[in-house]
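Here is the structure we will look at, set down as structure tokens.
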Amino acid sequence: MSSLEEQAAESDAICLTASGFAEDTAIPFNIVEQLIRSSAAMGELDVVARWRTAGERYSEAEHGMLAMLVREISDVLHRIAGGKQLVIAVDDVEHVDYPSLMCLLHIARHASGTRTLVAMTSGRTHHLCARVQGFHNLYKVEIGTLSESGVVRLLERHADADLADRIGASCHAISGGNPRLVKALLHDHLMSAPDGSEREVTVGAEFRDSYRWSLLCHPSLLQMAQILAVLGPYGSPRRVAGLLECGEERAARAIDVLDSAGLLEDGCFRHPAARSVALETLAVEERARLGAKAAELLYADGADPIAVAELLVTAGKTPDHKGVAVLWHAAQKNLDEGRTEEAVAGLRLAARADLGRRERLDIRMALVGALWAGNPAAAEPELDRLMAAIRTESPADIPEQYLCFLLFMVLWFGRFSDVEEAFTWLSGSGGSGNASSMAALRVTRQWVTFLKPTLIHHFPDKDPSDREVDGLWAANLEHGLQLSVDELGMEIGHLQDPRQMADFSPDTMHLLSHSNHFWFAYAYACRIVWALAARGETEAADRLCGALFTAADKLNMKTPCAVALSMRAYIQCRHGDFTSAIDLAGTALRSIPPRGWGVAIGLPLSVLVAAHTAIGRLDEAQRYLRYWVPKEMFDSVVGLEYLRARGQYCLATNRPYAALNDFMVSGMLIDQWPVDFGDLAPWRIDAAEAYLHVHEPVEAKRLALEELKLSPDRPMSTRGRALRVLAMAEDPDKRRLLLYQSVKCLREHGDRYGLARTLVELSRDFLSTGETQQARATWHEAQKLMDECGMSAQHESRRDPVMGGAESPADPQPPGNSEDSGEPGVPEETAPGTSAEDAEPPVLSEAEWRVATLAASRMTNRQIAKSLYITVSTVEQHLTRVYRKLSVGNRQDLSRRLWPLIGATGSSSC
């Protein structure tokens, strides 16, 4: 119509326009009045009131009066044209009032002799067919939406061709070829991306406004769109008719019109923004009413509970008993299919209903569990309400599986006062002994073991060796993780009596859903991961962690995913792959808010601190140590790992006494617990290293020997590390054999980090006896392992204590002032500011190499002279030449300068 009006103006014709509206159909001559007003001939409006008065008295039987009015109106409109060509354009003629329609038909019938063109549009083509069938010069034009190529051509009129080609397809898919919507999309796209570089078109405010205007212009169609928006993907002509209480044919016809206008596609919205616009046109009360009515309609149709629950949540009304049942089943199905947010919304609505005690427990327990899986921080307020509700009533008849779940939740958040209360309830429950209770107790035992080991002493004694229960556990684990039992090193048992399933009461059968199978498998598999890691079976543990993550990810459970990633990071850190460990632990830590981690936050933090410390990123390690951690964490196994990582950081930053305190506290905690975790946190080895840093080799030796006595039950890596520490605490003549044994254990176990540390010590030992070729070969192997672990040789030469096990004591006296050490001082001919690293590798003689390496090994001049059977004066002369050649001033600098030369100096240097 706009194009017709433009062409009429170009040809000097008079164009009169009007539009029909459903609300104005009953007003006589409404369209005629619009036509006159569009001409600006306001003087002709004086007769409108008379026409309207006559029209109000007229009836369709009084053809004479109507014919007289029609002829007079026709004369008025032609008079307005003033002899020029007259164009009358009326949009939405199906909403034209009857008198105006008669006038339009009269003018159209006599148009051929009066230079008049009448153009009328209608969304319902059958509306005029019968009346205009016999008219001369009648042209019927079907006007549809634009094709994809038509959309591209329209875009080219308002933008460049490249942009039109890029966004043409997405524009057509969203707009359906509706020109108004195409222009709106182009406007939004240019506003969001002025350069138009994006291929997908942007849907913004202009599109929403245009879509809203298109609906508001047609109230009956708007009503259909609103109903379809409420029904969402479950809309159909029959259901729309049911909600509007109209005929199905009328609903189908209206949907077809919306389809033809590009507002819908096969009765569905083309874009979520379109559905959102339709819903926004509904008042809140009306939307709730329609949502509740639609839910009843779908429930009567036997629709999927998820569909009914979605509508109930949209309505937001407190559900009745029937609605609660639907919401409960939908929540379980949503959880099984990974739609946690939808499950939470349905459970929150169900919790508002007037429920019995057991139903209320079911709903609240499920709600807390669903919230914990997605965001534990959001679960804690619901946990408070749940605990308060249980306290007000008798906890005696609460099922054991619920008490077990409650105990896990308060353990996770470190609420130990609530833990004692929940544990009292569990201990006093008496136990039903059925399969579901036994399974729940087994799950809880795994979590208690790691989150509060001291409770194991008083845990209800359910025989864990019972073969039938083992079979149930193995079956749940295999089902939940889709792993074979052989992969987990477990033996599957069989339920001897099929009637045992009768032990599961009907109201606990939901425990057998897919998501709850995962819970069973998850707890037990976590325990297995720790056990495998402790035994050094890192490959199997890593594979199981991968299966844990995959299973949790399928269910969209963010918290179990984060825990699985943290355990995988822990395994990689133990294996020496610090780069992967940092990536995994960092991803896990960012997955959920820090407050939601509870006491388990120590797991990713300990990995991040230990890994960053190992590769020398001490600032990063310190940043993670600044994270707030609950004090209750230190009563859990993850607290042990955190103490160990913090102690290693303290050693790296030259605070050995602080490190020793952390390691000794770990040992004290382990001694108090009924479960032996020494294989996870070998505190004796860590404490022995700290004692070496404070120059107490006797204590270091004692702790290393104690650890070796336990080594038959420990992984080979633990024995290898203990042997390395013992070697550093022993006399030099016993050191090499112990280092060889350490290398053998660590190489067999695959502990790259521990092996690199031992090889560095072995290289030093070779140098101390002048065996430079063996020292270089050993050092090169250590360098390769350092690279695999994410560390560089340069880093290790800078941080000698990390790879050396014991820090070389700094010389407290200025060079040349120590009588015993015989430091010759920095030679005067060394140019100030000249770096030894910037010069060519110096050439040392064999004798100079031997004296230098012994001096770097913390031996005094007298000890060197005795070891090499030379005089102290000869030692001092050799050191003077070495210090001059290497441009160093004391033994500590000498030690750091020597190690790069091992790889850089050839055999001719000796």
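Structure notes:
- Region 212-227 residues that are over 13 Å from ILE255 (Cα atoms) and without any contact (Cβ under 8 Å) to a residue 24 or more places away in the chain, paired with ones that are part of a helix (DSSP H, G or I) and of a type outside the set (Val, Ile, Thr) (beta carbon under 7 Å, 6 or more apart): none
- Residues that are in a loop (DSSP other than H, G, I, E, B) and either exposed (fewer than 11 other Cβ atoms within 10 Å of the Cβ) or at pLDDT below 65 (or both) were ranked within region 12-64; the one that is farthest from the chain's Cα centre (by Cα) is GLU62.
- Test for LEU279: is it buried (at least 21 other Cβ atoms within 10 Å of the Cβ) and in a helix (DSSP H, G or I): no
- Test: residue in region 397-409 that is surrounded by fewer than 18 Cβ atoms within 10 Å (Cβ to Cβ), part of a helix (DSSP H, G or I) and not hydroxyl-bearing (Ser, Thr, Tyr): yes
- Residues that are in contact (Cβ under 8 Å) with a residue 40 or more places away in the chain and touching a helix residue (DSSP H, G or I) at 6+ places or on another chain (Cβ under 8 Å) number at least 3 in the following helices (runs of 4 or more DSSP H) confined to region 612-722: 637-652, 683-693.
- Test: residue in region 732-746 that is in a helix (DSSP H, G or I), acidic (Asp, Glu) and at negative phi: yes
- Pairs where the first residue, in region 850-864, is touching a residue at least 12 places away in the same chain (Cβ under 8 Å) and the second is acidic (Asp, Glu), C-beta under 7 Å, 6+ apart: THR860/ASP820; ASN861/ASP820; ASN861/GLU876; ARG862/ASP820
The rows are residues; the columns are (1) among the polar types (S, T, N, Q); (2) assigned to a helix (DSSP H, G or I); (3) at pLDDT below 50; (4) closer than 19 Å to ALA852 by Cα.
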residue	(1), (2), (3), (4)
ARG757	no, yes, no, no
GLY770	no, no, no, yes
ALA775	no, yes, no, yes
TRP779	no, yes, no, yes
SER818	yes, no, yes, yes
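Yes or no, residue by residue, for (1) at pLDDT 85 or above; (2) more than 30 Å from HIS218 (Cβ to Cβ); (3) of a type outside the set (S, T, N, Q):
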{"position": "VAL70", "(1), (2), (3)": "no, no, yes"}
{"position": "ASP75", "(1), (2), (3)": "no, yes, yes"}
{"position": "GLN85", "(1), (2), (3)": "yes, yes, no"}
{"position": "GLU94", "(1), (2), (3)": "no, no, yes"}
{"position": "PRO99", "(1), (2), (3)": "no, no, yes"}
{"position": "SER112", "(1), (2), (3)": "no, yes, no"}
{"position": "ARG131", "(1), (2), (3)": "no, no, yes"}
{"position": "GLU142", "(1), (2), (3)": "no, no, yes"}
{"position": "GLU148", "(1), (2), (3)": "yes, no, yes"}
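- Each residue in region 361-385 was checked for being buried (at least 18 other Cβ atoms within 10 Å of the Cβ) and charged (D, E, K, R), and 4 pass.
- Filtering region 381-402 to residues that are farther than 13 Å from ARG358 by Cα and of a type in the set (A, V, I, L, M, F, W, C) leaves LEU383, MET387, ALA388.
- When GLY323, GLY316, GLY302 are checked against the criterion of being crowded, with 21+ Cβ neighbours inside 10 Å, over 30 Å from VAL201 (Cα atoms) and not polar (S, T, N, Q), GLY323 stands alone in meeting it.
The values are calculated or read from the model by the stated rules, or taken from the named source; none is laboratory data. Every value quoted in this text rests on a predicted model; they were computed, and no experiment measured them. No Cβ is skipped: glycine too gets one built from the backbone with ideal geometry, and neighbour counts run over all protein chains shown.
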